[in-house]
Amino acid sequence: MRTTTTARRVLTSLLATTLLAGGVLLGQTITAEPAAAAKMTCNVTQLRHDAAKERNRAAQLRGLGAHAEARKASARANALETRARQCEDADNNSKPPLWK
(Lines give C-alpha, C1' and ligand atoms only; values in the text may rest on other atoms or scores of the structure.)
Protein backbone atom coordinates (compact mmCIF):
# COMPACT_ATOMS: atom_id res chain seq x y z
CA MET A 1 0.00 0.00 0.00
CA ARG A 2 2.86 2.31 0.69
CA THR A 3 4.36 1.86 -2.80
CA THR A 4 1.10 2.81 -4.52
CA THR A 5 0.91 6.06 -2.56
CA THR A 6 4.49 6.92 -3.52
CA ALA A 7 3.84 6.04 -7.15
CA ARG A 8 0.72 8.22 -7.18
CA ARG A 9 2.63 11.16 -5.77
CA VAL A 10 5.47 10.75 -8.23
CA LEU A 11 3.15 10.42 -11.22
CA THR A 12 1.03 13.37 -10.08
CA SER A 13 4.05 15.62 -9.60
CA LEU A 14 5.53 14.46 -12.92
CA LEU A 15 2.27 15.23 -14.71
CA ALA A 16 2.00 18.65 -13.05
CA THR A 17 5.60 19.50 -13.96
CA THR A 18 5.06 18.44 -17.57
CA LEU A 19 1.90 20.50 -17.87
CA LEU A 20 3.58 23.56 -16.36
CA ALA A 21 6.60 23.26 -18.63
CA GLY A 22 4.38 22.77 -21.67
CA GLY A 23 2.29 25.80 -20.74
CA VAL A 24 5.39 27.97 -20.35
CA LEU A 25 6.77 26.84 -23.70
CA LEU A 26 3.44 27.33 -25.41
CA GLY A 27 3.13 30.81 -23.93
CA GLN A 28 6.59 31.75 -25.15
CA THR A 29 5.98 30.55 -28.68
CA ILE A 30 2.70 32.42 -28.94
CA THR A 31 4.11 35.74 -27.74
CA ALA A 32 7.42 35.47 -29.61
CA GLU A 33 7.61 37.31 -32.91
CA PRO A 34 8.47 35.01 -35.81
CA ALA A 35 11.79 35.69 -37.48
CA ALA A 36 10.18 35.93 -40.91
CA ALA A 37 7.83 38.68 -39.76
CA ALA A 38 10.66 40.99 -38.74
CA LYS A 39 11.00 43.87 -41.16
CA MET A 40 14.50 44.44 -42.38
CA THR A 41 15.49 47.04 -44.88
CA CYS A 42 18.83 47.39 -46.55
CA ASN A 43 20.31 50.07 -48.70
CA VAL A 44 21.98 48.13 -51.50
CA THR A 45 23.79 51.15 -52.92
CA GLN A 46 25.19 52.03 -49.48
CA LEU A 47 26.35 48.45 -48.94
CA ARG A 48 28.10 48.42 -52.32
CA HIS A 49 29.68 51.82 -51.60
CA ASP A 50 30.99 50.57 -48.24
CA ALA A 51 32.35 47.45 -49.93
CA ALA A 52 34.20 49.58 -52.49
CA LYS A 53 35.69 51.69 -49.68
CA GLU A 54 36.84 48.54 -47.90
CA ARG A 55 38.41 47.21 -51.11
CA ASN A 56 40.29 50.50 -51.57
CA ARG A 57 41.42 50.34 -47.96
CA ALA A 58 42.60 46.76 -48.46
CA ALA A 59 44.58 47.81 -51.53
CA GLN A 60 46.24 50.64 -49.57
CA LEU A 61 47.10 48.31 -46.70
CA ARG A 62 48.49 45.75 -49.11
CA GLY A 63 50.66 48.47 -50.63
CA LEU A 64 51.95 49.42 -47.21
CA GLY A 65 52.83 45.80 -46.44
CA ALA A 66 50.13 45.18 -43.81
CA HIS A 67 48.89 41.95 -45.34
CA ALA A 68 46.92 40.66 -42.33
CA GLU A 69 44.89 43.85 -42.07
CA ALA A 70 44.43 43.86 -45.84
CA ARG A 71 42.96 40.34 -45.68
CA LYS A 72 40.55 41.46 -42.95
CA ALA A 73 39.46 44.50 -44.96
CA SER A 74 39.01 42.33 -48.04
CA ALA A 75 36.93 39.85 -46.04
CA ARG A 76 34.73 42.70 -44.77
CA ALA A 77 34.30 43.91 -48.36
CA ASN A 78 33.29 40.41 -49.46
CA ALA A 79 30.79 40.19 -46.59
CA LEU A 80 29.27 43.56 -47.55
CA GLU A 81 29.00 42.48 -51.20
CA THR A 82 27.34 39.22 -50.17
CA ARG A 83 24.88 41.09 -47.98
CA ALA A 84 24.07 43.49 -50.81
CA ARG A 85 23.49 40.55 -53.16
CA GLN A 86 21.22 38.86 -50.60
CA CYS A 87 19.19 42.03 -50.15
CA GLU A 88 18.91 42.49 -53.89
CA ASP A 89 17.75 38.89 -54.33
CA ALA A 90 15.23 39.28 -51.51
CA ASP A 91 13.85 42.43 -53.14
CA ASN A 92 13.58 40.69 -56.50
CA ASN A 93 11.86 37.61 -55.07
CA SER A 94 9.40 39.48 -52.85
CA LYS A 95 7.65 41.28 -55.69
CA PRO A 96 4.39 39.73 -56.88
CA PRO A 97 4.46 38.07 -60.27
CA LEU A 98 3.25 40.06 -63.27
CA TRP A 99 0.47 37.64 -64.22
CA LYS A 100 -1.60 38.19 -61.06
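The values are calculated or read from the model by the stated rules, or taken from the named source; none is laboratory data. Note that the structure is predicted; figures quoted are calculated from it, not measured. Just so you know, the surface numbers come from the protein's heavy atoms only, side chains and all, with ligands and any DNA or RNA stripped out. Shrake-Rupley method; radii C 1.70, N 1.55, O 1.52, S 1.80 Å.
Within the assembled protein chains, the solvent-accessible surface assigned to L20 is about 130 Å², based on a 1.4 Å probe. The accessible area of T82, taken with all protein chains in place and a 1.4 Å probe, comes to roughly 60 Å².
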